[in-house]
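Novice: Here you go, one structure.
Rule-based calculations on the coordinates, nothing more; no lab input. Quantities reported herein were computed from a predicted structural model and do not represent experimental measurements. Cβ: placed from backbone, ideal geometry, glycine included. Neighbour counts: every protein chain shown.
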Amino acid sequence: MSPVRPRTSAGLLPVRLGADGAIEVLIAHMGGPLWARKDDRAWSIVKGEFDPAAEEPRAAAEREWREETGSAVPEGQVFELGTVKQSGGKTVHAFAVLVVGDIDVDVAAGDQVTMEWPPRSGRTITFPEIDRVEWCVAEVAARRLVAAQAGFLDRLDLSS
């Protein structure tokens, strides 16, 4: 029996300076019935799993952005934010992209998920992997993001 490979994801975190000079980030609300009525800890950077033996983290982050948002990768200066380990054991690599202006994201064109809902009902539903994205100041994002991912916000340094 082969050993179970730890799950690894990579994602992009678009960043901009707001009109008042505050750092704003674009985060994604997780789709589906489990997250529909939740706000705190129900958001994520746009990310997805990859095999580190077959793909570089930044390439995986860009691929996942295209797949999950149905949109082109945002243009701008890229900063590596390192990794965090989520409570379930998944390692997440993140890259900030300093963008100017807004980003056109069509979540309806992104990846869809099919699952049985309600559980053990025999009925399946399909929904977008992310149901919306939103720009928010880093302080708000820290409350909304999955707990481990909030650590990426502490690493944002736009002074360089």
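Novice: For the chain, count the residues as N, evaluate 2.2 N^0.38 Å, and divide the Cα radius of gyration by that value, please.
Specialist: For the chain, the normalised Cα radius of gyration comes out at 1.05.
Novice: Here is a further query. Considering only 99, 140, 13, whose Cα is most displaced toward the positive end of the charge dipole of the chain, charges sitting on Cβ of Lys, Arg (+1) and Asp, Glu (-1)?
Specialist: Result: 140.
Novice: Now for a different question. For a protection proxy built on the mean count of beta-carbon atoms within 10 angstrom, sort 87-97, 119-129, 17-27 highest first, please.
Specialist: Order by mean packing, descending: 87-97, 17-27, 119-129.
Novice: Next question. Round to the nearest 10 and give me the degree value, 0 to 90, for the angle of helix 57-69's Cα axis relative to the longest principal axis of the chain.
Specialist: With both axes taken from Cα atoms, the answer is about 70 degrees.
Novice: Divide by every residue of the chain the summed helix terms, -39500 (n - 2.57) for each DSSP H run of at least 4, and state the resulting mean residue ellipticity at 222 nm, rounded to the nearest 500 deg cm²/dmol.
Specialist: -4000 deg cm²/dmol
Novice: Assign unit charges at the C-beta atoms only (+1 for Lys and Arg, -1 for Asp and Glu), then state the dipole size of region 14-160 relative to its Cα centre in Debye, rounded to the nearest 20.
Specialist: Around 640 debye, computed over region 14-160.
Novice: Here is a further query. What does the C-alpha gyration tensor say about the overall shape of region 1-79? Classify as rounded when a/c is under 1.5, otherwise prolate if a/b is larger than b/c, or oblate.
Specialist: It comes out oblate by the Cα gyration axes.
Novice: So how much slack lies between residue 109 and residue 67, counting 0.36 nm per residue of separation and subtracting their Cα-Cα distance, in nm?
Specialist: Residue separation times 0.36 nm, minus the Cα-Cα distance, leaves 14.3 nm.
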